[in-house]
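First the structure, in the form of structure tokens, and then the observations on it.
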Amino acid sequence: MFRSCTLTALQYVRVKVHRLGDTCTQLFGNRRKVGRKDSFLSSSPVSLIQSPEVKDLVHWRDPKKSGVVFGLSLLTLLSLAAFSVISVVSYLLLALLCVTISFRIYKAVVQAVQKSDDGHPFKALMEKDVSVPPETFRKHVDASLTHINRLLKQLRKLFLVEDLIDSLKLAVVMWLLTYVGAVFNGITILILADILLFAIPPFYEKNKTQIDHYMEIARTQVNTTMAKLQEKLPGAIKRTKAE
């Protein structure tokens, strides 16, 4: 009885090891579709930057617009690295007030000298409707609620180990992040992410052929290594991969 239970447990472990090996292979370039709809990787944050507007920004379609967005985002992150959030927000609002007040006084002086009656310099902006329509608000709330519910369901699956492979992947990621956190703080990681976000897409576009070639070599090497590891497992179970 004890021997039978032991063999059953070993067989279960072998199957899980095979599944983990297949998952590692997929992470290094295998792009075939996974059967499950709610995969751990399908809810990747990368999907959040797939909108055409963001793609145009990070690919520098309009260099002036991309430069302004990149410069402001980097300046904000560097300011947060040197000062507190309250200080950064206060300085930004103070700078904005200085610009608007100075412009308002300048226009008032010009109107007084020229004896003109052009009215308030920000009249066109003040007449614009800045209120949020109820439909737009509800639309964004519904969209946010959808993402929140999806995230909660995914967290429940991961932490209650509905799928062992997905939970192991999350554990590996969290373990690697402990080493990252020991070297960098959150603001430093955001600064690096901001720089890479605007630097990698144009670099990949210019060197797409070479990068894809080396990625294919790396994927082939990983596939070969995983196949050798599976063959060395005692009593390895040959499984047919679902296409």
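A few notes on this one:
- Paramagnetic reach from Ile211 (point 7 Å along Cα→Cβ, amide N under 13 Å) across segment 179-197: 196-197
- Rolling a 1.4 Å probe over the protein chains gives Glu162 an accessible area of about 130 Å².
- Estimated inter-spin distance, Lys232 and Ser87, nm [label 7 Å along Cα→Cβ]: 5.4
- Cα shape, segment 103-243, gyration tensor, a/c 1.5 rule: prolate
- Simple Cβ-charge dipole of segment 78-220, Lys/Arg +1 and Asp/Glu -1, about Cα centre, in debye nearest 20: 160
- In Å², nearest 10: area of Met174 left accessible to a 1.4 Å probe: 100
- Cross-link pairs exceeding 27 Å in C-alpha to C-alpha distance, out of Lys169/Lys232; Lys64/Lys206; Lys65/Lys208; Lys55/Lys123, comprise Lys55/Lys123.
- Exposure of Lys128 as accessible area (Å², to 10), given a probe of 1.4 Å and all protein chains: 130
The values are calculated or read from the model by the stated rules, or taken from the named source; none is laboratory data. Here the structure is a predicted model, which is why all the values come from computation and not from measurement. Every residue, glycine among them, receives a Cβ derived from its backbone with ideal geometry; neighbour counts consider all protein chains shown. All accessible areas refer to the heavy atoms of the entire protein, side chains included, with ligands and DNA or RNA removed. Shrake-Rupley method; radii C 1.70, N 1.55, O 1.52, S 1.80 Å.
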